[in-house]
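Have a look at the structure below, then the notes.
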Amino acid sequence: MEASRRRTQHGANRANGKDSEQGEQPAQWGRAWEVDWFSLISVIALLCFAPFIVYYFVMACDQYQCSVSQPLLELFRGETTLLSIWARSPSVTWAAAKIYAVWVGFQMFLYMCVPDVTHKFIPGYVGGVQDGARTPAGLINKYEINGLQCWLITHALWYANAQHFHWFSPTILFDNWIPLMWCANILGYAVASFAFAKAYLFPTNSEDCKFTGNIFYNYMMGIEFNPRVGKWFDFKLFFNGRPGIVAWTLINLSFMAKQQELYGHVTNSMVLVNVLQAIYVLDFFWNEAWYLKTIDICHDHFGWYLGWGDCGLYLVYHPVQLSSGHALAVLLLGLVGYYIFRSTNHQKDLFRRTDGSCSIWGGKPAHIECSYRSADGGVHHSKLMISGFWGVARHFNYTGDLMGSLAYCAACGFGHFLPYFYIVYMTILLVHRCVRDEHRCGSKYGKDWKRYTDTVPYRLIPGVF
Ligand code: NDP
């Protein structure tokens, strides 16, 4: 039905003459309209097993001193059963449900009810009401950017509690970790289900909905582009950026407090992980206006992938004290990765904001001119930069991100595989993202994209991939 709606739309465009500007190519950028069998099986498997994969790793830390293979070996030898492993793990508790509800409710309150003031006195910070990118239907949404302020208020309260009020222990997140994980899972599936039903019943903008004809794929990758409740409650910005990312640094602080409580000291590896991840989180909020122009907001529809996926522990069980050389190497890897990640993102942002009238690595950036068409038939022009890090590889920002992620893992030493799950996960996530993005850009820009990939032939690592 949707395909015929698109065909009708395309026919209408032809009738009003807009097609003539770009030949016969239909306007079809955005994610896939048709789903192959491999994608479908992967989607169903992820929907069924993703929470249990996460549970497996946390359980392995809790019951098997972070050994990933031990539970499998014991199961294989018949020394334990799935039921007994399950019975030994805490399940959802009322205490965790209350903590989680208060947490999400508080973040919603900050997001909706406390308009940004920080941009008025922090030089260089872009906050307050900002425009998003043009959607496939041609709309430009407005967003209230107040993430940095929410992060600051939340962390100031955490600090005040730890130092003065003592309403709760700073180890609260560690102490309720598995029950909290189940609460986050329940919310993730609930939000994805709500977004799915909302897309059919009361979509925010029906022109930007995308149906594949496959219910599982629709549920996973989302139907609505920018689901909202009311004028300002934007699902993507809130669920991608707030309860999870604000909590990230608090979770690390809670783990650090637990290490102090258990061993009487905090290891240098724990400090390293806290510092490197805090830089990443603060960077995210400092650049939240930039985040409006990333794939999450500009191109992905809102479904389970974004809703569930948004909703680190090893060092508490294994307090690793690194040698100075090892700690320095990890710090360098993390900082160089962060530098590449930030500079690459900044270069594209600057280039796009100034329409190429800027300086990259001391000169005017070279680019490839390209054009594309939105679903309403309008033809738009864009530029793909081929200078700076964007001339080194097509996704060098992901390479920097992966170097930073590897640094978090390497801070845990080489005793166990479990912390390295993070780099495996991030590699799969970003390589998959890279492939999806290139597929989308290929459909959007056609032959212009081909000219770009001929000029910058590698995706992540020059000469390799
Ligand atoms: P990018 O910032 O790389 O954006 C890709 C888009 O940029 C393309 O779709 C295209 O959009 C445009 N583009 C591509 N090539 C060029 C070029 N040469 N010149 C100008 N514009 C170009 O990707 P993301 O939005 O995925 O990532 C943003 C950051 O977020 C990355 O650093 C990534 O590492 C990070 N990230 C981190 C995650 C995490 O969990 N830690 C998860 C996801 C992302 P257009 O259609 O406008 O041309």
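Does the stretch 70-86 contain any residue that is among the small types (Gly, Ala, Ser) and part of a helix (DSSP H, G or I)?
yes
Only one of these conditions is not met by Tyr317: (1) more than 30 Å from Ser42 (Cα to Cα); (2) among the hydroxyl-bearing types (Ser, Thr, Tyr); (3) modelled with pLDDT of 80 or more. Which number is it?
(3)
Within the stretch 385-418, track down each residue that is at pLDDT 95 or above and aromatic (Phe, Trp, Tyr).
Of everything in the stretch 385-418, those that are at pLDDT 95 or above and aromatic (Phe, Trp, Tyr) turn out to be Phe389, Trp390, Phe396, Tyr398.
Mind listing whichever residues of the stretch 48-86 are among the charged types (D, E, K, R) and either closer than 16 Å to Pro419 by Cα or at pLDDT below 90 (or both)?
Correct list: Asp62 only.
For the stretch 396-408, state whether one or more residues are acidic (Asp, Glu), within 30 Å of Ser67 (Cα to Cα) and within 9 Å of the ligand (Cβ to nearest atom).
The answer is yes; a qualifying residue exists.
Examine the stretch 128-143 for a residue that is surrounded by 19 or more Cβ atoms within 10 Å (Cβ to Cβ), more than 16 Å from the ligand (Cβ to nearest atom), not assigned by the TED database to the domain that holds Ser371 and not in a strand (DSSP E or B), and state whether such a residue exists.
No; the residues of the stretch 128-143 include none that is surrounded by 19 or more Cβ atoms within 10 Å (Cβ to Cβ), more than 16 Å from the ligand (Cβ to nearest atom), not assigned by the TED database to the domain that holds Ser371 and not in a strand (DSSP E or B).
Which members of the stretch 39-69 meet the condition of being of a type in the set (S, T, N, Q) and either part of a loop (DSSP other than H, G, I, E, B) or under 29 Å from Met220 (Cβ atoms) (or both)?
Those that are of a type in the set (S, T, N, Q) and either part of a loop (DSSP other than H, G, I, E, B) or under 29 Å from Met220 (Cβ atoms) (or both): Ser39, Ser42, Gln65, Ser67.
Conditions (1) aromatic (Phe, Trp, Tyr); (2) surrounded by fewer than 21 Cβ atoms within 10 Å (Cβ to Cβ); (3) in a helix (DSSP H, G or I); (4) within 9 Å of the ligand (Cβ to nearest atom), marked per residue:
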site	(1), (2), (3), (4)
Lys383	no, yes, no, yes
Cys412	no, no, no, no
Tyr422	yes, yes, yes, no
Arg440	no, yes, yes, yes
Ser443	no, yes, yes, no
Phe465	yes, yes, no, no
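Any residue at all in the stretch 347-361 that is assigned by the TED database to the domain that holds Gly404, more than 10 Å from the ligand (Cβ to nearest atom), exposed (fewer than 12 other Cβ atoms within 10 Å of the Cβ) and of a type in the set (Gly, Ala, Ser)?
Yes, the stretch 347-361 contains a residue that is assigned by the TED database to the domain that holds Gly404, more than 10 Å from the ligand (Cβ to nearest atom), exposed (fewer than 12 other Cβ atoms within 10 Å of the Cβ) and of a type in the set (Gly, Ala, Ser).
Quick one: how many residues across the stretch 454-463 are within 24 Å of Glu369 (Cα to Cα) and either surrounded by fewer than 18 Cβ atoms within 10 Å (Cβ to Cβ) or assigned by the TED database to the domain that holds Val54 (or both)?
Counting residues in the stretch 454-463 that are within 24 Å of Glu369 (Cα to Cα) and either surrounded by fewer than 18 Cβ atoms within 10 Å (Cβ to Cβ) or assigned by the TED database to the domain that holds Val54 (or both) gives 5.
The values are calculated or read from the model by the stated rules, or taken from the named source; none is laboratory data. Quantities reported herein were computed from a predicted structural model and do not represent experimental measurements. Quick reminder, even Gly has a Cβ in these numbers, built from the backbone with ideal geometry, and neighbours come from all protein chains shown.
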